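Just so it is clear, none of the values below were taken in a lab; they were calculated from the coordinates. No experiment lies behind these values; they were computed from the predicted model shown. A quick note on method: Cβ atoms are made from the backbone with ideal geometry, for glycine too, and the neighbour counts reach across all protein chains shown.
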Amino acid sequence: MNKKIFRLNFFTSLLVLLISIILVFSVLFEYFEAQVFSELASESTYISYALKNEDVSYIDNFKNNNKRITLISPNGTVLADTSANPSTLDNHTSRKEIKDAMANGNGKSVRYSNTLMQKNLYYAQKLDDGKILRVSTTQNSVIVILLGLLPPIMIIVISVLITSVFLARKISKSIIKPINALDLDDPAKNEAYEELTPLLKKISLQKKTIDRHIHEANQRQEEFKLITENMSEGLLVIDNHTNVLSYNQAAIRLLEIDNVKPDSVLTFNRSKGFRNAVERALGGERAENEISLDEYTYNLIATPVYENSKIIGAVIVIIDITENVKREQLRREFTSNVSHELKTPLTSISGFAEMMKSGKTPDETVVDFSASIYDEAQRLITLVSDIMKISELDESPMQFEKEKVDLYELSYEITERLKPIAEKQGIVINVIGDQAFVMGTRKILDEMIYNLCENAIKYNKENGKVDVIINQSENDVNLTVRDTGIGIPLSEQKRVFERFYRVDKSHSKFVGGTGLGLAIVKHAASYHNAEIKLESAEGKGTSFKIKFGKYDFDD
Ligand code: ADP
């Protein structure tokens with residue numbers, strides 16, 4: 001704008017200058033021509049008076065004059081001329097000034113030389129005797145005058161140019177300055193030019209509308225962000241070219257993307273399932289696929305987005321179903337393990353019963369068979385009881401109420417219950433420590449400590465020892481069950497908490513194990529947000545340490 005105003009100013013002054021020069025010149029030229037003709041007329045008048053008393057040769061007196069004098073007869077023949085021999089000159093009747101003078105008494109004309117460099121001004125006057133007296137003079141043409149005046153004209157033009165550049169710059173700056181200083185944040189407050197007021201009012205109105213729209217859009221975006229960022233599900237919005245338009249942090253986390261580029265969503269995950277879901281959604285179909293990434297499993301739901309019945313993109317929701325898949329797998333394994341564990345004693349019972357039903361089994365054998373059936377039935381009862389316990393913890397652990405439980409007192413009670421079994425093997429069981437309270441469910445804590453103590457006896461050596469140690473630090477309450485038993489090999493230590501896992505199956509069965517004891521312990525500890533630490537040395541003994549967080553009891 002500044003440049004435009006500058007150019008406009010500059011060229012306007014240039015144009016004004018040129019027009020002025022042309023006008024001044026043409027006016028001056030006209031003026032000087034009229035002057036010359038008036039001079040020629042007065043000179044002609046003087047000579048005409050003189051000619052009344054003189055003859056033609058009088059003309060020769062003017063030969064050195066700067067004017068040319070010509071005397072012409074009424075028939076156009078040149079009688080005398082100060083510049084040429086009259087006999088060489090042709091008839092002058094066709095000349096305009098002569099014709100006019102013959103008709104009207106005087107006439108004038110201007111004729112240019114062939115080169116246009118000079119012009120001849122002629123004034124003719126009809127004398128009383130009918131002859132024509134013509135006085136003429138030669139002048140430089142406009143071109144010659146202009147050429148002669150070129151240096152001063154150039155100086156004037158250059159000075160005017162410099163001045164107009166300077167002024168144009170100044171003017172354009174002063175015009176632009178208030179426009180540049182306009183405060184468009186508050187257009188109505190500006191008072192730069194009156195002419196701008198309607199425009200500024202319009203801008204102010206539009207600004208308010210735009211501000212409102214931006215505010216609404218920002219608010220909506222904030223709301224959307226707040227919702228999507230708090231979702232644990234990943235969310236991706238793509239256009240119909242698979243380019244990512246929007247995403248939430250969960251999507252980036254779940255798909256393990258380090259560097260998000262505004263790229264095709266297909267670069268986010270290269271799996272077939274992902275590509276298939278995207279392609280199907282953009283093809284207008286709701287797609288649901290499962291994809292795996294490292295040890296995680298995700299459910300991918302891709303839905304097409306329509307506008308005016310045209311697909312403009314898709315929304316992809318990523319749900320982490322790893323836990324569900326694992327749980328489902330565990331459930332399947334558990335079901336199959338339970339069936340297997342139940343089948344073994346039932347097969348034995350069925351076998352013994354079949355042999356006895358014939359009635360031919362000798363009495364002593366019937367006694368043995370009955371004892372075996374009883375043992376297997378006992379095993380089944382223990383197994384079913386453990387399955388029920390673990391299922392209860394699996395299903396709804398929250399149903400159990402928590403209370404203040406003294407771990408020392410509870411452990412003492414449990415060891416008292418177990419003492420008869422321990423004594424049978426010559427095992428000494430002790431509770432060491434002092435009162436220590438935790439917030440927990442007594443029934444579950446009981447099962448946990450009982451299982452640990454029972455294992456410590458079952459997998460102990462004859463005349464061994466079991467210590468239940470209760471102690472507490474500033475932040476924790478610890479319960480340790482330590483035995484002097486057979487120990488657990490290092491390679492097996494990680495797996496002993498799995499359901500139905502036993503280091504030595506036959507030994508476990510022999511001592512009446514179900515393989516569910518430590519799984520119940522693990523479940524119970526996790527229900528109490530407690531940590532389990534297992535330390536064991538083969539042939540030396542095992543120690544299970546349960547670390548509870550300290551609860552701040554008011555009393
Ligand atoms: P089980 O009913 O067979 O005892 P658990 O889940 O209680 O099942 O224990 C799993 C396995 O861990 C046992 O079969 C046993 O091999 C081993 N185990 C558990 N406690 C001890 C312990 N105190 N000392 C040695 N081995 C143990």
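Values computed for the structure shown
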read-out	value
As computed over the stretch 26-170, the Cα convex hull volume per residue (Å³)	134
For residue 436, residues with placed amide H under 5 Å, excluding near neighbours	407, 408, 409
Degrees separating the helix 322-357 axis from the principal Cα axis of the chain, which is the longest one	20
Antiparallel DSSP beta bridges within the chain, as percent of all bridges there, nearest 5	95
Cross-link table 465/550; 326/458; 461/505; 458/494; 357/458; 402/522, entries beyond 26 Å C-alpha to C-alpha	465/550; 326/458; 357/458
Burial ranking of peptide ranges 283-292, 454-463 (average Cβ count within 10 Å, highest at the top)	454-463, 283-292
Bins of 5 Å, starting at 0 and running to the largest distance - Cα pair percent for the stretch 449-491	5, 22, 24, 21, 14, 10, 4, 1
Chain lengthening between residue 15 and residue 306 when straightened (0.36 nm per residue, less Cα-Cα)	98.5 nm
Loop trypsin sites (Lys or Arg not before Pro), the stretch 463-539, which have at most 13 other Cβ atoms in a 10 Å radius of their Cβ (DSSP)	494, 495
In the stretch 4-90, the trypsin sites (Lys or Arg not before Pro) that fall in loop regions by DSSP, at most 14 other Cβ within 10 Å	52, 63
The stretch 515-530 and the stretch 301-323: distance between their alpha carbon centers, rounded to Å	41
Distance between the stretch 3-30 and the stretch 207-229 - C-alpha centres, whole angstrom	58
Histogram of C-alpha separations across the stretch 153-194, 5 Å bin width, %	5, 21, 17, 13, 11, 10, 8, 7, 4, 3, 1
Full-stretch length increase - residue 264, residue 26 - with 0.36 nm per residue and alpha-carbon distance subtracted	78.1 nm
Alpha-carbon centroids, the stretch 89-158 and the stretch 417-490: separation in whole Å	143
Among 329, 355, 345 - extreme Cα towards positive end, dipole of the stretch 325-391, charges at beta-carbon	329
Estimated vicinal HN-Hα couplings, Hz - the stretch 431-439 in sequence order (Karplus 6.51, -1.76, 1.60; Gly, Pro = x)	10, 10, x, 9, 3, 8, 9, 10, 9
Under-5 Å amide H pairs with residue 76, H placed in peptide plane, nonlocal only	none
Dipole of the chain [Lys/Arg +1, Asp/Glu -1 at C-beta], most positive-end residue of 296, 284, 101	101
Peptide ranges 339-350, 90-101 listed from the most packed, as the mean C-beta count within 10 angstrom indicates	90-101, 339-350
About the Cα centre, charge dipole magnitude for the stretch 85-240 (Lys/Arg +1, Asp/Glu -1 at Cβ), debye	1480
Nearest 10 degrees, 0 to 90: helix 517-527 Cα axis against the chain principal axis	40
Tensor-based shape of the stretch 390-479 (alpha-carbon gyration tensor, a/c under 1.5 rounded, otherwise prolate or oblate)	oblate
Environment charge at residue 503 (Cβ cut-off 14 Å; Lys +1, Arg +1, Asp -1, Glu -1)	+2
Dipole in debye (nearest 20) - the chain, about Cα centre, beta carbon charges: Lys, Arg +1; Asp, Glu -1	3520
All lysines inside 18 Å of residue 170 as judged from Cα atoms, apart from same-chain residues fewer than 8 positions distant	3, 4
Nearest-20 debye value, the stretch 6-162 charge dipole, Cβ charges on Lys, Arg, Asp, Glu	420
Stretchable slack from residue 246 to residue 361, in nm (0.36 nm times residue separation minus alpha-carbon distance)	33.5 nm
The chain - Rg (one decimal) and Dmax (whole number), Cα, Å	62.1, 199
Between helix 197-229 and the chain: long-axis angle, C-alpha atoms, 0 to 90°, nearest 10	20
Highest average packing first - 189-195, 158-164, Cβ atoms within 10 Å	158-164, 189-195
Separation in nanometres of the label points that stand 7 Å from Cα toward Cβ, at residue 175 and residue 430	10.7
Cross-link partners of residue 207 among aspartates and glutamates (Cα-Cα below 15 Å; sequence separation of 8 or more within a chain)	183, 185, 186, 216
